[in-house]
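Everything on this sheet refers to the single structure shown next.
The values are calculated or read from the model by the stated rules, or taken from the named source; none is laboratory data. What you see is a predicted model, and the numbers here were worked out from it, not measured in a lab. Every residue, glycine as well, gets a Cβ built from its backbone with ideal geometry; the counts of neighbours run over all protein chains shown.
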């Protein structure tokens, strides 16, 4: 057990947080705070002991997360953030792109944008996690390397907490939690020097390569049409199209697109399209000033009821709940 992380977890647990006993509630909560995802329980009859406590800093957030029973978190791709994960109990086995990586007591993981992530949380796993916004990390890397063009650093995933770099990051996380909790809001010290120290440690002591875009991480054996399909859906204007129309746009058959997507991302084209539609729908609903029917049409649903059912199945909450929140 790493004392600094144990201290950080105890302090984070004192911050008001979320406690749920069901998977839909947990999915809804973390889909809002992180990104839409799916939970698959090893025992479908098991209830959750879900807990999440967080402290938000500029460009970063400190998190304590627990689910309870063994389960799979199908998180898709971290498009907008990095995640440093440190188990305090149990551990996590991750399908990370085309690799498998694991964490346990005394080790952690640095997950970078660009790869599909499917995590198996062992029973009774609790983690301290540091989320770093992708834009913030890329800007820091650009300053660190003095490069003219902005690039995306991709870190070696495994981090040994018994090594000097791991010990320093653990100490910095402990300090960040202490300073954010101890200081009142008005007198709080800026966390940025500590966040920047974490990044400097990663840049200087953890193997890292930089790519022009996060999509380049998958450039190896992944077919161009798979990368292009994912890239197309970054543009909201393509979300209303059907899978067949998107395949035609890429000049491949629907069958070819389906085979490639399943092999290299773990998603069918329909599932991936639905995920991106729900992500964009969530953003539109959070912004407010737009009806559910208008949101449905913008992401490719002619029927508001079908859209609401898909949204509820994916995000764990009715879209009307978000509209009610906005109206208050």
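Pull up region 89-140, narrow it to residues that are under 22 Å from residue 23 (Cβ atoms) and touching a helix residue (DSSP H, G or I) at 6+ places or on another chain (Cβ under 8 Å), then point me to the one that is modelled with the highest pLDDT.
Applying the filter and picking the extreme gives 126.
What number of residues in region 92-108 are outside any strand (DSSP E or B) and surrounded by 18 or more Cβ atoms within 10 Å (Cβ to Cβ)?
1
Checking residue 31 against (1) buried (at least 17 other Cβ atoms within 10 Å of the Cβ); (2) under 22 Å from residue 157 (Cβ atoms), which test does it fail?
Condition not satisfied by residue 31: (2).
Given the conditions (1) more than 13 Å from the chain's Cα centre (by Cα); (2) assigned to a strand (DSSP E or B); (3) in contact (Cβ under 8 Å) with a residue 24 or more places away in the chain, report the number of the one that residue 48 does not fulfil.
Tallying (1) more than 13 Å from the chain's Cα centre (by Cα); (2) assigned to a strand (DSSP E or B); (3) in contact (Cβ under 8 Å) with a residue 24 or more places away in the chain, residue 48 fails exactly one: (2).
Residue under question is residue 53, and the condition is that it be in contact with a helix residue (DSSP H, G or I) (Cβ under 7 Å, 6 or more places away or on another chain), within 23 Å of residue 93 (Cβ to Cβ) and in the same structural domain as residue 120 (by TED's automatic domain parsing); does it hold? Before the answer, list the steps.
Numbers: in contact with a helix residue (DSSP H, G or I) (Cβ under 7 Å, 6 or more places away or on another chain): yes; within 23 Å of residue 93 (Cβ to Cβ): no; in the same structural domain as residue 120 (by TED's automatic domain parsing): yes.
Against the criterion (in contact with a helix residue (DSSP H, G or I) (Cβ under 7 Å, 6 or more places away or on another chain), within 23 Å of residue 93 (Cβ to Cβ) and in the same structural domain as residue 120 (by TED's automatic domain parsing)), residue 53 does not qualify.
Would it be correct to say that residue 145 is assigned by TED's automatic domain parsing to the domain that holds residue 79 and either crowded, with 20+ Cβ neighbours inside 10 Å or under 23 Å from residue 10 (Cβ atoms) (or both)?
no
Can you name every residue in region 145-166 that is touching a strand residue (DSSP E or B) at 6+ places or on another chain (Cβ under 9 Å) and in a helix (DSSP H, G or I)?
145, 165, 166
Just the residues that are surrounded by 15 or more Cβ atoms within 10 Å (Cβ to Cβ) and either touching a helix residue (DSSP H, G or I) at 6+ places or on another chain (Cβ under 7 Å) or farther than 19 Å from residue 35 by Cβ (or both), please, taken from region 148-166.
Within region 148-166, 151, 152, 153, 154, 155, 158, 159, 161, 165, 166 qualify.
Quick check on region 131-144: of everything there that is part of a helix (DSSP H, G or I) and within 22 Å of residue 52 (Cβ to Cβ), which residue is farthest from the chain's Cα centre (by Cα)? Spell out how you get there, then give the answer.
Of the residues in region 131-144, the ones part of a helix (DSSP H, G or I) are 134-144.
Next cut, within 22 Å of residue 52 (Cβ to Cβ) only: 134, 136.
On the way: 134: 11, 136: 15 Å.
Here the answer is 136.
Please determine, by comparing only the residues of region 48-76 that are modelled with pLDDT under 85 and surrounded by fewer than 17 Cβ atoms within 10 Å (Cβ to Cβ), which one is farthest from residue 28 (Cα to Cα).
Here the residue is 58.
Only one of (1) assigned to a strand (DSSP E or B); (2) more than 28 Å from residue 267 (Cα to Cα); (3) over 17 Å from the mean Cα position of the chain (by Cα) is not met by residue 54, so which one is it?
Against the list (1) assigned to a strand (DSSP E or B); (2) more than 28 Å from residue 267 (Cα to Cα); (3) over 17 Å from the mean Cα position of the chain (by Cα), residue 54 comes up short only on (3).
Just a yes or no: is a residue in region 111-127 closer than 17 Å to residue 194 by Cα, touching a residue at least 40 places away in the same chain (Cβ under 8 Å) and either outside any loop (DSSP other than H, G, I, E, B) or in the same structural domain as residue 264 (by TED's automatic domain parsing) (or both)?
Checked region 111-127: no residue is closer than 17 Å to residue 194 by Cα, touching a residue at least 40 places away in the same chain (Cβ under 8 Å) and either outside any loop (DSSP other than H, G, I, E, B) or in the same structural domain as residue 264 (by TED's automatic domain parsing) (or both).
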